[in-house]
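Colleague: What follows is a single structure, and I will ask about it in a moment.
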Amino acid sequence: MEILQWIIDNILTQASVIIGLVALLGLALQKKPINEIISGTLKTMLGFLVLSAGSSVMQTSLTYFGDMFNQAFGFNGMSAVVASIEGINGQAMTDLGLGSEIAICLAGIFIVNIILARFTPFKYVFLTGQALLWESTLCVVFAWFCGLRGIPLILIASIVGGAFATLMPAFAQPVVRKITESDDIALGHFCTFGYMFTALIATITKKLAGGHESQSTEELELPQSLSFMQDSYLAVMVVMIPFYLIIAGFAGPEAAADYAGDVNYMVYAFLQAMQFVVGLYVLLAGVRLLLAELVPAFQGISMKLVPNARPALDCPVLFTYAPNAVIIGFICTTIGSLIGMAITGFMGTLVIPGVMSNFFAGGTAGIFGNAIDGRRGAIIGGIFHGIFIMILPALLSPMLAQIGFVNMTCTDVDTVVTGFFFMAIHSILGLFGIA
Amino acid sequence: MGKLRILTVCGNGLGSSFACQMAVEGVLKGLGVDCKLDHDSVSSVASAARNFDMIIAAENFKTQIESANTGLPCVFLHRLVDKKEIEEKVTPVLKDMGLL
């Protein structure tokens, strides 16, 4: 008995072990040979630990950034948060100690998704592992914030996450069908509300123009020099470096003295901006390892259990259908997010745009805008999309701060909607005195 | 020659390259080619390439991957998970390599 208690206290509370066990289960269910089960389990655990390491590098950089911001502009109680779903996941899994719950909930979302796809008309199987990990994070964090613990937490978080994983691809499918001119793949990326908002704006611009669609973005000749924007880490650097330099410039050399030591404060700011990207790079390398065994297991099992399932895949599978729209969408979303940032300044918490999200969600929003109303839809829709994906996370950030997240907010808007959904249910139940 | 090693590539090396990898795996199994696959980001191609025999990516990454000068045969896809397109484009490369 004592041994069992010792195992529970010391081993089963370790998130890396729980994640390893989830992978072990997935591999065993596929009847893999024993050597593959062992190596897959170990690699999954390694992935979690790499993710944690990346998260702490990112956080060190963000702590510096937040401190500089406060010293420069903090006099009227304003604070700054950086929008990064990767960082939110990292902090939740490590600092908030919810890693085990998030890992089990990830498996729970797989199961709920398979059940819903099997028994409802929504035949969508969500295969974008990292997006599911982000969704699992927000479901667990908000279920936990609403006071749930243990098995009820896992159950509720899995059901909500599984419902989102099944319904969001269905929500986007009418436009995806138009983009791919087929019905065999779906979009599995939790920025769907943003994409459909873009499509709505493009529908309006088309109406205002008397129902005539403008020319497609794909008939444009874009300069070759823009192609560096295809490299997402480079794009993050190009945007983060000026933010860090500007804030450090305003904060001045004294503010940074404790951090920088003998290094010049502007050089230090530059290096810290790079550190942010280092953290992101390592974190995502960890995610890649973490998911390498889980996603094929899920695909294999779900495709067997759900006949004629439609795979919901990550947004770049759409990029080849309108590569110009991707670049235009990224640029316009970035412009919109800067406008959005100015607006969030008036809301009390300045949100620094999430470049990763601008890049992927922005690119996809460009494709959606283009599909409805050509280049006009991609440009105007893209700008509104940028504003939209800043305002929503800004509204959520006070709650995230209350939960214990430091200098951070979400990016992918469906995860933000998940947070609101939990809070809404919680307050409705509260009205009846249940919660 | 051991297993054919193939790297699939996308922007982040997370989602779509992974989906592509699983589709390629299915195709090669069908062709009876023994292979080992992995996926990575376009930023890492230049350094990762030396552990692989072939690169597969979406056609929008063509310029960047070619500028990395990996010296490996590259296949660029319009539809990343379309098994028919994968088979059509990969088969001639495999024949060149003497694997079919």
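Colleague: Please order A:HIS426, B:HIS78, A:HIS189, A:HIS212 by the number of other Cβ within 10 Å, starting at the fewest.
Modeller: So the ranking, lowest neighbour count to highest, is A:HIS212, B:HIS78, A:HIS426, A:HIS189.
Colleague: For the stretch B:4-96, what is the convex hull volume of the alpha-carbon atoms per residue, in Å³?
Modeller: Working: hull volume 7.4 nm³, N = 93.
For the stretch B:4-96, the hull spanned by Cα atoms encloses 80 Å³ per residue.
Colleague: Quick one: compute the contact order of the stretch A:16-431, relative version, from alpha carbon pairs under 8 angstrom and 6+ residues apart, as a percent.
Modeller: Working: 758 pairs, mean separation 118.2, N = 416.
Normalised by residue count, the contact order of the stretch A:16-431 is 28 percent.
Colleague: Continuing with this model, one more query. How about the stretch A:334-435: which chymotrypsin sites (Phe, Trp or Tyr not before Pro) there lie in a loop by DSSP and see at most 15 other Cβ atoms within 10 Å? Provide the component values of the computation, followed by the final result.
Modeller: Working: sites: A:PHE346, A:PHE359, A:PHE360, A:PHE368, A:PHE384, A:PHE388, A:PHE405, A:PHE420, A:PHE421, A:PHE422, A:PHE432; in loops: A:PHE405, A:PHE432.
Answer by residue number: A:PHE432.
Colleague: Taking 0.36 nm per intervening residue step and subtracting the Cα-Cα distance, what contour gain separates A:ILE3 from A:LEU429 on full extension? Please list the in-between numbers first.
Modeller: Numbers: separation 426, 0.36 × 426 = 153.36 nm, distance 4.11 nm.
Working it through step by step, the gained length comes to 149.2 nm.
Colleague: Please give the net charge around A:CYS410, taking every other residue with its beta carbon less than 13 angstrom from that of A:CYS410, where Lys and Arg add +1 and Asp and Glu add -1. Could the numbers behind the result be given before it?
Modeller: Working: positive: none; negative: A:GLU86, A:GLU135, A:ASP412, A:ASP414.
My count for the surroundings of A:CYS410 gives -4.
Colleague: Something else about it: Which FRET efficiency, nearest 0.05, do A:LYS31 and B:LYS83 yield, Cβ-Cβ r, R0 22 Å? Could the numbers behind the result be given before it?
Modeller: Working: r = 24 Å, r/R0 = 1.09.
It comes to 0.40.
Colleague: Where does each of B:VAL93, B:VAL81, A:VAL326 land when they are ranked from fewest to most other beta-carbon atoms within 10 angstrom?
Modeller: Numbers: B:VAL93 16, B:VAL81 21, A:VAL326 30.
The order, fewest Cβ neighbours first, is B:VAL93, B:VAL81, A:VAL326.
Colleague: Which residue fluctuates the most in chain A, going by a Gaussian network model with Cα springs under 10 Å, if the choices are A:ALA107, A:ALA257, A:ALA378?
Modeller: So, out of A:ALA107, A:ALA257, A:ALA378, the one fluctuating most is A:ALA257.
Colleague: Sort all Cα-Cα distances of the protein assembly as shown into consecutive 10 angstrom bins from zero, then give the percent of pairs in each bin up to the one containing the longest distance.
Modeller: Pair shares across the bins are 4, 18, 29, 28, 16, 5, 1, 0.
Colleague: Given that compact globular proteins tend to follow 2.2 N^0.38 Å, what is the ratio of the alpha-carbon Rg of the stretch A:242-382 to that value? Kindly include the intermediate steps, with their values, before the conclusion.
Modeller: On the way: Rg = 20.4 Å, N = 141, 2.2 N^0.38 = 14.4 Å.
The stretch A:242-382 yields a ratio of 1.42.
Colleague: How would you rank A:THR120, A:THR203, A:THR180, going from fewest to most other Cβ atoms within 10 Å of each one's own Cβ?
Modeller: Values: A:THR120 12, A:THR203 15, A:THR180 18.
Sorted ascending by nearby Cβ count, the order is A:THR120, A:THR203, A:THR180.
Colleague: Compute the relative contact order of the stretch A:319-382 as a whole-number percentage, counting only Cα pairs closer than 8 Å that sit 6 or more residues apart in sequence.
Modeller: 44
Colleague: Sticking with this structure for a sec: Could you work out the Rg to Rh ratio of the stretch A:237-311, with Rh taken as the Kirkwood radius (inverse of the mean 1/r over all Cα pairs)? Display every interim value, and only then the final one.
Modeller: On the way: Rg = 21.4 Å, Rh = 15.6 Å.
Expressed as Rg/Rh, it is 1.38.
Colleague: To the nearest 0.05, what FRET efficiency results for A:GLU181 and A:GLN14 with a Förster distance of 45 Å applied to their C-beta separation? Please list the in-between numbers first.
Modeller: Values: r = 48 Å, r/R0 = 1.07.
After rounding, the FRET efficiency stands at 0.40.
Colleague: Next up: Pick out, in residue order, every one of the GluC sites (Glu not before Pro) in the stretch A:192-263 that is DSSP loop and has at most 12 other C-beta atoms within 10 Å; say none if there are none.
Modeller: On the way: sites: A:GLU213, A:GLU218, A:GLU219, A:GLU221, A:GLU254; in loops: A:GLU213, A:GLU221.
For GluC sites (Glu not before Pro) across the stretch A:192-263 that sit outside H, G, I, E and B with at most 12 neighbouring Cβ atoms in 10 Å, the list reads A:GLU221.
Colleague: If we count trypsin sites (Lys or Arg not before Pro) as exposed when they sit in a DSSP loop and have at most 11 other beta carbons within 10 Å, what is the longest stretch of chain A that avoids them all?
Modeller: Numbers: sites that count: A:LYS31, A:ARG149.
Of all site-free stretches, the longest is A:150-435.
Colleague: While we're here: Specify which residue in the list A:GLN215, A:LEU167, A:LEU280 is farthest towards the positive end of the charge dipole of the protein assembly as shown, using unit charges on the beta carbon of Lys, Arg (+1) and Asp, Glu (-1), about the Cα centre.
Modeller: Final value for the positive-end residue is A:LEU167.
Coordinate-derived values only; no laboratory data. A quick note: this is a predicted structure, and the numbers were derived from the prediction, not measured. Note that we place each Cβ from the backbone using ideal geometry, even for glycine, and neighbour counts take in every protein chain shown.
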